[in-house]
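K.L.:
Below is the structure I would like to discuss, written out as structure tokens.
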Amino acid sequence: MIMAEPASDITRQAKTQLIHSDVIIIGAGPSGLAAAGALTRNGISSIVLEQHEQLGHSWRNHYDRLHLHTMKRWSALPFLPMPVDYPRYPSRDQVVAYLEAYADHFGIRPRYGEKVLRAQRLDGFWHVKTEAHHYVGAALVVASGYNHRPIWPDFEGRDNFTGSMMHSSSYRNGKPFKGQQVLVVGCGNSGAEIAIDLYECGAFPSLVVRSPIHVLPRELNGIPTQVNSLILSKLPVGLADAIAVKILNLAVGDLSAYGIRRPSIGPARQVNEFGRVPMLDIGTVDLIRQNKVIVRPGVRSLGAAGVTFVNGETHPYDVVILATGYTTGIADYLQESDKVLNEKNLPTRFGEESQIRGLYFIGFRNPITGMLREIDLEARRVSRLLRKQLRRVMV
Ligand SMILES: Cc1cc2nc3c(=O)[nH]c(=O)nc-3n(C[C@H](O)[C@H](O)[C@H](O)COP(=O)(O)OP(=O)(O)OC[C@H]3O[C@@H](n4cnc5c(N)ncnc54)[C@H](O)[C@@H]3O)c2cc1C
């Protein structure tokens, strides 16, 4: 389905090459590959556009010690399980190898170095523009990542801080920080695991826990929390939370003496209403109990003396690592994005057709049951919907 021909007036660039496909997919991470694999399985051609020179770019650049927090069984992409010899929680490198094998299996060959600059629906077709090419398709799947652009909080006094500062997206391992006082800001799964890594590499980590959070062990009596969450997700939210809180009392107990407060609402409601997933603990809580990782409240300001917290205390730090999350970059290239994104730049519909005809989003929801599992479900659903939609177009 790929044909090259001279550009039309849409790009207003005489040298731009025009390329057609049934479906255009933006991003060659797990979501884009899952979409392409499921579409191939449904007999639909697609083109995957990737700004970098490799697929799975985000995974290749995650920190060294990272293993999936979710089970391999529920972290695989459509129609191809992870290898049987993988452990229950595969490593970063195993995930990357699996993504490569997935692309090979389905014959997916992303077009690399193709950063999408503009995507627009015009005259019933999707027009997607990169520096060198102009793609035209009946449908567009946006799979450019929930964790796209690092968020750097604008701390007062940052210019006066004499230590260094980095985002968790650039963190590889704790070796360079041996013997240093390091403050990790943010206690999601990345921040909590980086604190462990720092401690194991001989640094002195503190972890900012700004607001109340739910902490769940990754496994309870050998049963992964992902399994328990899936069972609870079938129940009404109130009941699921009542059971979850009982489990939390037994498994984790009260951590308020260490500076970790539990929210007044249960974990399921917190995910549904605020999109905040619990921290899946793989050892951080033990280190906190042993005072090997120190919990600090929210940051008020930075300065020459160090970091001042909302409780008025100031402590010196050599390094601040911001595990403060990401935003999507969708609005940068998608025209009329205000019709489909909320105030957090997240699509309001995913795994189904969005408010704009022929536009689908995959990989922008982080449920308690795991994002990769959600990507698998969304890609399967979108490919089925597109099969119907494209048949209608062709009839
Ligand atoms: C540290 C970390 C650990 C995680 N662990 C787990 C886990 O254990 N279990 C789980 O279920 N989930 C986990 N997740 C969440 C999620 O599964 C991953 O973020 C996953 O990589 C999402 O896949 P994706 O394809 O949607 O996004 P990405 O992997 O970010 O891929 C998006 C791709 O789109 C490309 N792109 C972006 N913009 C453009 C553009 N304009 N033009 C062309 N290409 C573009 C990017 O270069 C990238 O390659 C984790 C996330 C992080 C950050």
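The values are calculated or read from the model by the stated rules, or taken from the named source; none is laboratory data. What you see is a predicted model; the values in this text were computed from it and never measured. No Cβ is skipped: glycine too gets one built from the backbone with ideal geometry, and neighbour counts run over all protein chains shown.
K.L.:
Tell me, which residue of segment 180-195 that is more than 14 Å from the ligand (Cβ to nearest atom) and of a type in the set (Val, Ile, Thr) is farthest from the chain's Cα centre (by Cα)? Steps first, please.
P.N.:
First, the residues of segment 180-195 that are more than 14 Å from the ligand (Cβ to nearest atom): 180-183, 185.
The next check asks that each one be of a type in the set (Val, Ile, Thr); those that pass are 182, 185.
Numbers: Val182: 24, Val185: 18 Å.
In this case the residue turns out to be Val182.
K.L.:
Among the numbered criteria (1) under 24 Å from Asn345 (Cβ atoms); (2) more than 14 Å from the ligand (Cβ to nearest atom); (3) in a strand (DSSP E or B), which single criterion is violated by Val141?
P.N.:
Tallying (1) under 24 Å from Asn345 (Cβ atoms); (2) more than 14 Å from the ligand (Cβ to nearest atom); (3) in a strand (DSSP E or B), Val141 fails exactly one: (2).
K.L.:
So which of Asn249, Asn291 ends up being more than 26 Å from Met371 (Cβ to Cβ), modelled with pLDDT of 95 or more and of a type outside the set (D, E, K, R)? Quick ask: steps written out before the conclusion?
P.N.:
Working: Asn249 fails: modelled with pLDDT of 95 or more.
After ruling out the rest, the residue left standing is Asn291.
K.L.:
Determine whether segment 108-116 contains at least one residue that is within 9 Å of the ligand (Cβ to nearest atom), within 30 Å of Gly174 (Cα to Cα) and surrounded by fewer than 19 Cβ atoms within 10 Å (Cβ to Cβ).
P.N.:
Checking segment 108-116: not a single residue is within 9 Å of the ligand (Cβ to nearest atom), within 30 Å of Gly174 (Cα to Cα) and surrounded by fewer than 19 Cβ atoms within 10 Å (Cβ to Cβ).
K.L.:
Another one. Could you list, in sequence order, all residues of segment 141-175 that are surrounded by 17 or more Cβ atoms within 10 Å (Cβ to Cβ), over 22 Å from Asn366 (Cβ atoms) and in contact with a helix residue (DSSP H, G or I) (Cβ under 7 Å, 6 or more places away or on another chain)?
P.N.:
The one that is surrounded by 17 or more Cβ atoms within 10 Å (Cβ to Cβ), over 22 Å from Asn366 (Cβ atoms) and in contact with a helix residue (DSSP H, G or I) (Cβ under 7 Å, 6 or more places away or on another chain): Gly174.
K.L.:
Still on this structure, I have one more. Restricting the search to segment 45-80, which residues are of a type in the set (A, V, I, L, M), in contact (Cβ under 8 Å) with a residue 60 or more places away in the chain and touching a helix residue (DSSP H, G or I) at 6+ places or on another chain (Cβ under 6 Å)?
P.N.:
Our first condition is that a residue be of a type in the set (A, V, I, L, M); within segment 45-80, this holds for 47-49, 55, 66, 68, 71, 76-77, 80.
Then keep just the ones that are in contact (Cβ under 8 Å) with a residue 60 or more places away in the chain; that gives 47-49, 66, 68, 71, 76-77.
Selection gives Val48, Leu66, Met71, Leu77.
K.L.:
Given the options His69, His62, name the one that is closer than 24 Å to Ile194 by Cα and modelled with pLDDT under 95. Break it down into steps so the answer makes sense when it comes.
P.N.:
Working: His62 fails: modelled with pLDDT under 95.
Residue meeting the stated conditions: His69.
K.L.:
Right, another one. Restricting to segment 12-30, name every residue that is modelled with pLDDT under 90 and either outside any loop (DSSP other than H, G, I, E, B) or surrounded by fewer than 17 Cβ atoms within 10 Å (Cβ to Cβ) (or both).
P.N.:
Initially, segment 12-30 is screened for residues modelled with pLDDT under 90, giving 12-18.
Residues satisfying the conditions are Arg12, Gln13, Ala14, Lys15, Gln17, Leu18.
K.L.:
Being in a loop (DSSP other than H, G, I, E, B) and farther than 13 Å from Gly32 by Cα narrows it down to one of Tyr89, Tyr98, so name that one.
P.N.:
Working: Tyr98 fails: in a loop (DSSP other than H, G, I, E, B).
That would be Tyr89, the only listed residue that is in a loop (DSSP other than H, G, I, E, B) and farther than 13 Å from Gly32 by Cα.
Here is a yes/no grid of residues against (1) part of a loop (DSSP other than H, G, I, E, B); (2) more than 8 Å from the ligand (Cβ to nearest atom); (3) more than 30 Å from His20 (Cα to Cα):
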| residue | (1), (2), (3) |
| --- | --- |
| Ile44 | yes, yes, no |
| Leu49 | no, no, no |
| His52 | yes, no, no |
| Leu55 | yes, no, no |
| Ser58 | no, no, no |
| Asp64 | yes, yes, yes |
| Thr70 | yes, no, yes |
| Arg73 | no, yes, yes |
| Met82 | yes, yes, yes |
